[in-house]
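Written out below as structure tokens is the structure these notes cover.
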Amino acid sequence: MQTVVTGAVSVDTAISADNYSFLQTYIHQESGIVIDPNKSYLLVSRLQPIVKENSLGTLNDLCRLLRATTATPIKRQVIEALTTNETLFFRDMPVFEALQKEVLPAMIKAKQESKRIRIWSAAASSGQEAYSLAMLLLEMGLSGWNLQILGTDLNRQILDKATAGKYLQIEVNRGMPAKYLVKYFTRAGLDWQINDRLRPIVSFQQFDMRSPLRALGKFDLVLCRNVLIYFDLETKKKILKEIRGVMEPGAHLILGTAETTLNIDDAYQRAVFGGTSFYTHT
């Protein structure tokens with residue numbers, strides 16, 4: 001019986017090869033996420049709490065339950081457990097510096113007539129990226145503009161946290177400039193709550209990236225960072241093609257630092273601002 005060590009915690013996997021294969025297929029069908037054959041530690045660390053919560057013995061028992069039931073809650077628990085929710089305010093500061101110094105000023109100049117900017121934060125997690133973008137826009141003095149930032153994620157539970165806009169001290173300590181904390185947040189006991197400057201600009205919606213995107217409308221900027229790495233090649237191609245369909249003329253796409261459109265969707269053109277790669281298309 002194999003034991004996998006995750007951090008300082010040892011967890012008994014107790015999962016058969018057949019059930020591991022079943023989970024790989026199940027998770028891919030339900031979310032598009034690809035679990036490699038050597039990622040048993042990931043399944044253990046993410047799914048073991050569900051095993052305990054539902055008074056099951058092992059991951060094999062969880063698999064038997066998934067095979068036998070059509071009940072939504074347990075299935076939703078499994079998928080949400082496998083979605084990665086690591087994020088922080090102003091994550092990868094060079095991206096935000098490039099936006100502030102070059103990309104957004106050009107966008108604002110091009111949008112002087114409509115005074116409307118729409119941004120999509122895909123896989124928004126608990127909302128730090130979306131709120132960071134809102135602060136960045138407000139700092140650029142766009143009084144009277146129609147500013148809309150949409151954050152989407154597959155995980156309903158994490159979106160509830162994003163919508164609430166309440167963060168622990170340790171969360172605002174990670175990446176948040178002190179002047180923004182004072183200006184855009186208020187104390188809520190030991191936590192910090194976004195204030196009314198940010199709330200009208202940012203909204204959140206549950207959304208599966210594999211779905212048609214046209215219902216979301218058009219965007220001037222799309223951030224889809226560290227998302228494509230979890231999908232297989234065909235799903236990546238489909239998502240990138242769909243994103244092109246919702247980009248306004250002159251819009252930019254930002255991917256994660258380890259991601260690229262190269263050899264996946266050649267309709268995109270790469271441009272570098274401040275050392276950060278942005279993607280446009282004709």
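At 0.36 nm per residue, and after removing the present C-alpha to C-alpha distance, how many nm does the segment from Lys39 to Glu97 gain when stretched out fully?
Working: separation 58, 0.36 × 58 = 20.88 nm, distance 3.51 nm.
Gain on stretching Lys39 to Glu97: 17.4 nm.
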In whole Hz and in residue order, list the ³J(HN,Hα) couplings for the range 185-198 that follow from phi through the Karplus curve 6.51 cos²θ - 1.76 cosθ + 1.60, θ = phi - 60°; x for Gly and Pro. 10, 10, 5, 9, x, 8, 9, 10, 10, 4, 9, 6, 5, 8
Among the listed pairs Lys75/Lys183; Lys115/Lys241; Lys75/Lys237; Lys161/Lys236; Lys39/Lys237; Lys179/Lys236, those beyond 30 Å (Cα-Cα): Lys75/Lys183; Lys179/Lys236
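For the range 101-256, what class follows from the C-alpha gyration tensor (a ≥ b ≥ c being the square roots of its eigenvalues): rounded when a/c is under 1.5, otherwise prolate if a/b is larger than b/c, else oblate?
Note, shape of the range 101-256 comes out oblate.
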Quick one: order Thr87, Thr70, Thr257 by neighbouring beta-carbon count within 10 Å, fewest to most. Thr70, Thr257, Thr87
If each of Gln169 and Gln157 carries a label point 7 Å out from its Cα toward its Cβ, how far apart are those two points in nm? 2.6 nm
In Hz, Karplus ³J(HN,Hα) per residue of the range 255-268 (6.51, -1.76, 1.60; θ = phi - 60°; x = Gly, Pro): 10, x, 4, 9, 10, 7, 8, 4, 6, 10, 9, 6, 6, 8
Extending each Cα 7 Å along its Cβ direction at Asn195 and Ala106, get the distance between those two points in nm, one decimal. 3.4 nm
Over the chain, with a Gaussian network built from C-alpha contacts below 10 Å, which listed residue (Ile117, Ile74, Ile254) shows the highest mean-square fluctuation? Ile74
Taking θ as phi - 60°, what are the ³J(HN,Hα) couplings along the range 170-179 by the Karplus curve (6.51, -1.76, 1.60), each to the nearest whole Hz, with x for Gly and Pro? 5, 6, 6, 6, 8, x, 7, x, 4, 5
Out of all DSSP beta bridges with both ends in the chain, state the antiparallel percent to the nearest 5. 45 percent
Taking 7 Å along the Cα-to-C-beta vector as the label spot, tell me the Ser55-Ser143 distance in nanometres, rounded to one decimal. 6.1 nm
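Counting only C-alpha contacts under 8 Å and six or more residues apart, can you give the relative contact order of the chain as a whole percent?
Numbers: 404 pairs, mean separation 45.8, N = 282.
Answer for the chain is 16 percent.
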Quick one: which residues, 5+ away or cross-chain, put their amide H under 5 Å from the amide H of Phe204? H built at 1.01 Å from N. Gly151
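For every helix of n ≥ 4 consecutive DSSP H residues, a contribution of -39,500 (n - 2.57) applies; sum these over the chain, divide by its total residues, and give [θ] at 222 nm rounded to the nearest 500 deg cm²/dmol. Could the numbers behind the result be given before it?
Working: 11 runs with 108 residues, N = 282.
After summing the helix terms and dividing by the residues of the chain, the value is -11000 deg cm²/dmol.
Any read-out appearing in this document is the output of simple, stated calculations on the displayed coordinates, not a laboratory observation. Predicted model only: the values in this text are computed from it and were never measured. Glycine gets a Cβ as well: all are built from the backbone with ideal geometry, and neighbour counts include every protein chain shown.
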